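Below you'll find the structure, written out as structure tokens, and then a few comments.
Every number here is computed from the coordinates shown, using simple stated rules; none is lab data. The shown structure was predicted, so the numbers you read here are calculated from the model rather than taken from an experiment. Cβ placement follows ideal geometry from the backbone for every residue including glycine, while neighbour counts extend to all protein chains displayed.
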Amino acid sequence: MLSIFIEKIQDLIDYDPEIWNCKKLSDNGYKLFKKTRTSASTASLRKVKDFNITSIHPLLKTIVSKHDVTNYTNETNVLNKISSYKPP
């Protein structure tokens, strides 16, 4: 279901010059942000390491159970997918 939505968005970007320009502008802005942002402080890194995820957020549980996605039926699979996600 998500792939169909992504395809429609990609079609809009490809065929509408105004949307394409907005996407290009936002991509360039994000690249500049990534180049110029400062690193996280050591205190922040320490807090993240101490942060323990023990369960799935209730909203995610309902989404997973609603769609009954076979790859995500087990809580540990969902946690592993979320924790291993790396944005592009």
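In terms of the mean number of neighbouring beta-carbon atoms within 10 Å, the peptides 32-42, 14-24 order highest first as 14-24, 32-42. Put a dot 7 Å past the Cα of SER39, heading toward its Cβ, do the same for PHE51, and the two dots end up 1.9 nm apart. Measuring between alpha carbons in the structure, the pairs from LYS8/LYS49; LYS8/LYS81; LYS47/LYS86 lying more than 29 angstrom apart are LYS8/LYS49.
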